[in-house]
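Asker: First the structure, which I've put down as structure tokens, then a few questions once you've had a look.
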Amino acid sequence: MDVSISTMGTAGVVRVSVAGEVDLASSGWLTREIESAVAMAADLPGATVVVDLSQVSFLDSSGINALITGSRLAGGIDHFRVAGATGLVREVLEFTGVWSHLSGEHA
Amino acid sequence: MAHRIDPGTEKLRRIQAVTDSALSSLEFGDLLAELLKRTCDLMQANTAAVLLLDATGSELVVTATGGGDEVVIREARVRLGEGLAGQVAVRAQTQTVDYIATGDGSEPFLLPDARLACAVSVPIFAASRVTGVIYVGKFDDSFSTDDIELLRLVADRASLAVQAHLSESDRAATLALQRSLVPARPSPIPGLDVAARYIPGGQAGVGGDWYDLFRLPSDHVGLVIGDVAGSGLHAAIVMGRIRSALRAYALESTDPADVLTRLDRKIQLFEPGAMATAIYGVVDPSRARMDFSIAGHLLPATVSAGRVSRLLKAPIDLPLGAYPDTPRHTTSVEIGPETGLLFYTDGLVERRGHSLAGSIRALLGRLKSSTADGVCGEAIGHMHDSVASDDVAVLAVRPHAKPGPP
């Protein structure tokens, strides 16, 4: 498996830190971790889920789907956002038009 | 006097018994049965079974049994969450059960008078998804930590066998389905020069990409490029339904954003969990304008003589199936015989370790041809510089110099 994921909840933020490659083989793990994080955040008033992609080297459409599904599960940008995407990963998210929706940033 | 066996040697012997390469020469069904038999022998267990998820992914089916005592009902079905096996499949974690303590020795796939004392079940994974479980039961005694460790190895071996078995039959079926849905040649359209290619990906990638091209009664022309998330037979099956629904909505409206909005709603209601990217374009009867709407898909390219190809500028809305009530936009662009269009799926340009922007730039640099077929050839040529594991669909369109009936 080429991805490692750790989830931590502190001070109103449940952070899912992802490292490695997110593809068809590993996106299932990411989906499950995001689901756990969303469940954790639901128990903390006002908490949001932040998915940190700064250590991710590759992300394809299956990864995008995991992120979008997480966003929908959490209830949108007020409860869920993606952060830290750089380089090749940021490109993929921008070229498919999902970056601003997932990050809350506007180009 | 009993001969004491060195625990290290014993452990190695147990591992070798289940990872033995001679197993590979067996047919799928025989391999699983042999694996289960050896497992029961090694653990002094009485019964074992492999249960695999069926095509719907909602039920486990007893696929193989082993151990001397036949208490497992072949082909029995277990709902996810039901009993030990069903729970392990959902939680994706090994679990044991002490039937004597719980007072209930029944599982949906065991004969009613089976009196097992305890059982253990481990999940079988394919990549990161659970595809089945192994179940082992004993009439008396219990399972040691070593037993459970060994069972993990057995599950890994079974996983390899399951993946290999599914791959072969899935791939053949997926290709057959793709070929029937995504024709090798698009139908000719008056006033338009059209060409397309579909190239199946490597082992894991095939299934889910499609193009479509159809003339509407009003003489508008619908153009589609799309990519259903996931791969394999399931993705191709979902693609077939999406492709068909899009055509139905295209008959109702010539506004692409409207068509994709209806399609999105249908997918969210009737294909839970499905997601797809797509572009739907509508060329008007004059063949001088195209309206289009983009759902999470890469921008199309325009090809003109005398300048470098570039991407069309348009807002990209969220993919289909992503979010309820996603706002969608229609963009209009003038088209003519001097400008060709190329639609493609991400398999054409996405490469691990390479910049997507760089790959798209390189693709644009190749596109020069004044014919649709020529542009398709140039696009596919870009792909041959590197190996694609994903499938690829491309569609090229250029209005004829003199639009009208042939």
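Asker: Would you confirm whether or not segment B:96-104 contains a residue that is surrounded by 15 or more Cβ atoms within 10 Å (Cβ to Cβ) and either closer than 22 Å to B:Ile15 by Cβ or aliphatic (A, V, I, L, M) (or both)?
Answerer: Yes, some residue in segment B:96-104 is surrounded by 15 or more Cβ atoms within 10 Å (Cβ to Cβ) and either closer than 22 Å to B:Ile15 by Cβ or aliphatic (A, V, I, L, M) (or both).
Asker: Determine which single condition B:Thr63 fails, assuming it passes every other condition in (1) among the polar types (S, T, N, Q); (2) crowded, with 18+ Cβ neighbours inside 10 Å; (3) touching a residue at least 40 places away in the same chain (Cβ under 8 Å); (4) not in a strand (DSSP E or B).
Answerer: The number of the failed condition is (4).
Asker: Residues of segment B:322-338 being in contact with a strand residue (DSSP E or B) (Cβ under 8 Å, 6 or more places away or on another chain), free of Cβ contacts under 8 Å to residues at least 60 places away in the same chain and open to solvent by less than 60 Å² (accessible area, probe 1.4 Å), which ones?
Answerer: Answer for segment B:322-338, where residues must be in contact with a strand residue (DSSP E or B) (Cβ under 8 Å, 6 or more places away or on another chain), free of Cβ contacts under 8 Å to residues at least 60 places away in the same chain and open to solvent by less than 60 Å² (accessible area, probe 1.4 Å): B:Thr331, B:Val333.
Asker: Same structure, new question: Please pick out the residue among B:Val308, B:Val333, B:Val303 that is hydrophobic (A, V, I, L, M, F, W, C), part of a loop (DSSP other than H, G, I, E, B) and over 28 Å from the mean Cα position of the chain (by Cα).
Answerer: Exactly one of B:Val308, B:Val333, B:Val303 is hydrophobic (A, V, I, L, M, F, W, C), part of a loop (DSSP other than H, G, I, E, B) and over 28 Å from the mean Cα position of the chain (by Cα), namely B:Val308.
Asker: Got at least one residue in segment B:188-209 being open to solvent by less than 10 Å² (accessible area, probe 1.4 Å), without any contact (Cβ under 8 Å) to a residue 60 or more places away in the chain, within 14 Å of chain A (Cβ to nearest Cβ) and of a type outside the set (Lys, Arg)?
Answerer: no
Asker: Residue check: is B:Leu51 open to solvent by less than 60 Å² (accessible area, probe 1.4 Å), modelled with pLDDT of 90 or more and closer than 25 Å to B:Glu10 by Cβ?
Answerer: no
Asker: Of everything in segment B:38-54, what is in a helix (DSSP H, G or I) and either acidic (Asp, Glu) or under 19 Å from B:Gln87 (Cβ atoms) (or both)? Give them in sequence order.
Answerer: Answer for segment B:38-54, where residues must be in a helix (DSSP H, G or I) and either acidic (Asp, Glu) or under 19 Å from B:Gln87 (Cβ atoms) (or both): just B:Asp41.
Asker: Can you tell me which residues in segment B:284-302 are out of contact with any Leu (no Cβ under 7 Å at 6 or more places or on another chain) and crowded, with 17+ Cβ neighbours inside 10 Å?
Answerer: B:Met290, B:Asp291, B:Phe292, B:Ile294, B:His297, B:Leu298 - these are the residues of segment B:284-302 that are out of contact with any Leu (no Cβ under 7 Å at 6 or more places or on another chain) and crowded, with 17+ Cβ neighbours inside 10 Å.
Asker: Name the residue that is nearest to B:Val162 (Cα to Cα), counting only residues in segment B:7-51 that are among the polar types (S, T, N, Q) and in contact with a helix residue (DSSP H, G or I) (Cβ under 8 Å, 6 or more places away or on another chain).
Answerer: Here the answer is B:Ser24.
Asker: Just wondering, is there one or more residues in segment B:151-164 that are within 24 Å of B:Ala117 (Cβ to Cβ) and surrounded by fewer than 20 Cβ atoms within 10 Å (Cβ to Cβ)?
Answerer: Scanning segment B:151-164 turns up at least one residue that is within 24 Å of B:Ala117 (Cβ to Cβ) and surrounded by fewer than 20 Cβ atoms within 10 Å (Cβ to Cβ).
Asker: Out of curiosity, is B:Gly273 more than 20 Å from B:Val221 (Cβ to Cβ), crowded, with 23+ Cβ neighbours inside 10 Å and facing chain A (nearest Cβ under 9 Å)?
Answerer: no
Asker: I need the full set of residues from segment B:363-376 which are within 18 Å of B:Ala393 (Cα to Cα) and over 27 Å from the mean Cα position of the chain (by Cα), in order please.
Answerer: B:Leu364, B:Arg366, B:Leu367, B:Thr371, B:Ala372, B:Asp373, B:Gly374, B:Val375
Asker: Something else: Using the structure shown, decide if B:Gly353 is within 14 Å of another protein chain (Cβ to nearest Cβ) and either of a type in the set (Ser, Thr, Tyr) or within 25 Å of the chain's Cα centre (by Cα) (or both).
Answerer: Yes, satisfied.
Asker: To continue, here is another question. Which condition number in (1) open to solvent by 30 Å² or more (accessible area, probe 1.4 Å); (2) touching a residue at least 40 places away in the same chain (Cβ under 8 Å); (3) of a type in the set (S, T, N, Q) is the one that B:Thr174 fails?
Answerer: Going through the list (1) open to solvent by 30 Å² or more (accessible area, probe 1.4 Å); (2) touching a residue at least 40 places away in the same chain (Cβ under 8 Å); (3) of a type in the set (S, T, N, Q), B:Thr174 breaks only (1).
Asker: Picking from B:Asp98, B:Asp6, which residue would you name as being of a type in the set (D, E, K, R) and over 15 Å from B:Ile148 (Cα atoms)?
Answerer: It is B:Asp6.
Asker: While we're here: Can you name the residue in segment B:66-86 that is in a helix (DSSP H, G or I) and either open to solvent by 30 Å² or more (accessible area, probe 1.4 Å) or among the aliphatic types (A, V, I, L, M) (or both) and is also farthest from B:Ser24 (Cα to Cα) among such residues?
Answerer: B:Leu84
Asker: Moving to a separate point now. Pick from segment B:303-317 the residues that are more than 18 Å from B:Asp255 (Cβ to Cβ) and out of contact with any Leu (no Cβ under 9 Å at 6 or more places or on another chain): which of them is surrounded by the fewest Cβ atoms within 10 Å (Cβ to Cβ)?
Answerer: B:Gly306
Asker: Just to confirm my filter: which helices (runs of 4 or more DSSP H) fall fully inside segment A:10-107 and include at least 3 residues that are more than 9 Å from chain B (Cβ to nearest Cβ) and of a type in the set (A, V, I, L, M, F, W, C)?
Answerer: Ranges flagged: A:27-42, A:61-74.
The values are calculated or read from the model by the stated rules, or taken from the named source; none is laboratory data. Every value quoted in this text rests on a predicted model; they were computed, and no experiment measured them. Neighbour counts are summed over all protein chains in view; Cβ atoms, including those assigned to glycine, are modelled from backbone coordinates with ideal geometry. What goes into the accessible areas is simple: the full protein's heavy atoms, side chains included, and nothing from ligands, DNA or RNA. Shrake-Rupley method; radii C 1.70, N 1.55, O 1.52, S 1.80 Å.
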